[in-house]
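Below you'll find the structure, written out as structure tokens, and then a few comments.
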Amino acid sequence: MISLASALLLSAVPTGPCYVPSDQTAGWKRVELPAEAPALAAPEGLEQFRAGEPTLLSQVDPPDTYRGAHERQLGRMVYAFQVPKGTVRMEVAFLDSLNGAKVDATAYVGGRAYPLLSERRQFGKELMLDWSVVGVDSLVLEVHRHLREKPVVRHWRVDREVVPSQELPADSGFKGTRSLYFRHPGGRRIELCDTPGQRMVLWRWPEGTPEAVTLTRAGAEGAP
């Protein structure tokens, strides 16, 4: 089975037709999915989602996630996180390198423990964890810091599976069916292509009202 961390490194390849949106300005756009392109997607690296489909919401420092740290015993620091619903991956960044300290990581589902790391030596400032366990609600890290400075958590990033069209407020402008929503970065021309398997990604919940745009088959813009 391919882990989420590995899957994110794989680039999906367009297998169907491509289209040019009528509006190439910056901001959120909405297009209806053509019958021949049900997996229509914007280029990788842009925020986007299709109505009714799972999307990876990747948030930095979401509130109420980091619950603090304490020293369990001399030389061992414990860090607790309350994991948002649907989380499948977390990255924890420390202020300084862990310098080879041993780390234990345990995910919990309703009090039941699922070990992720056991005394694994970690180098550098970032610690990345992913799991396939469903329903994880908390995460505990234990750093064996013997003769090292106390590690300080600087940032955390939470990747979780969401269905935006179901979880956004009822008055949101992102509730249409058979639609692709994408944030145009502006400053360049983009195309949308039928790309089965491409991961839909958001960095924050979309706000405002998306502008409805039409599509022209790529290569047909100058056709008589």
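The values are calculated or read from the model by the stated rules, or taken from the named source; none is laboratory data. Nothing here was measured: the structure is a model prediction, and the numbers come from that model. Quick reminder, even Gly has a Cβ in these numbers, built from the backbone with ideal geometry, and neighbours come from all protein chains shown. These area figures cover heavy atoms from the full protein model, side chains too; ligands, DNA and RNA do not enter into them. Shrake-Rupley method; radii C 1.70, N 1.55, O 1.52, S 1.80 Å.
Suppose we keep only residues that are surrounded by 12 or more Cβ atoms within 10 Å (Cβ to Cβ) and not aromatic (Phe, Trp, Tyr) within the range 101-115. Which one would you say is nearest to residue 91 (Cα to Cα)? The extreme case among them is 105. Of everything listed in (1) at pLDDT 95 or above; (2) open to solvent by less than 60 Å² (accessible area, probe 1.4 Å); (3) outside any loop (DSSP other than H, G, I, E, B); (4) under 27 Å from residue 127 (Cα atoms), the single unmet condition for residue 49 is (4).
Mind checking which residues of the range 200-214 are buried (at least 17 other Cβ atoms within 10 Å of the Cβ) and within 13 Å of residue 46 (Cβ to Cβ)?
Step one: of the range 200-214, the residues buried (at least 17 other Cβ atoms within 10 Å of the Cβ) are 200-202, 206, 210, 213.
200, 201, 202, 206, listed by residue number.
Being closer than 30 Å to residue 117 by Cα, modelled with pLDDT of 90 or more and in contact with a Pro (Cβ under 8 Å, 6 or more places away or on another chain) holds for only one residue in 158, 140, 201, and it is 158.
Contact annotation: residue pairs with Cβ atoms under 7 Å, 6 or more positions apart or on different chains, pairing a residue in the range 204-222 that is farther than 30 Å from residue 158 by Cα and of a type in the set (Lys, Arg) with a partner that is at pLDDT below 95 and surrounded by 14 or more Cβ atoms within 10 Å (Cβ to Cβ), are 217/17.
What strands (runs of 3 or more DSSP E) completely inside the range 122-224 contain at least 2 residues that are of a type in the set (A, V, I, L, M)? Ranges flagged: 126-130, 138-144, 153-162. Out of curiosity, is residue 22 open to solvent by 20 Å² or more (accessible area, probe 1.4 Å), within 30 Å of residue 179 (Cα to Cα) and either free of Cβ contacts under 8 Å to residues at least 40 places away in the same chain or more than 23 Å from the chain's Cα centre (by Cα) (or both)? Considered against the rule, which asks whether it is open to solvent by 20 Å² or more (accessible area, probe 1.4 Å), within 30 Å of residue 179 (Cα to Cα) and either free of Cβ contacts under 8 Å to residues at least 40 places away in the same chain or more than 23 Å from the chain's Cα centre (by Cα) (or both), residue 22 comes out as yes. Being open to solvent by 70 Å² or more (accessible area, probe 1.4 Å) and hydroxyl-bearing (Ser, Thr, Tyr) holds for only one residue in 97, 58, 118, 138, and it is 118.
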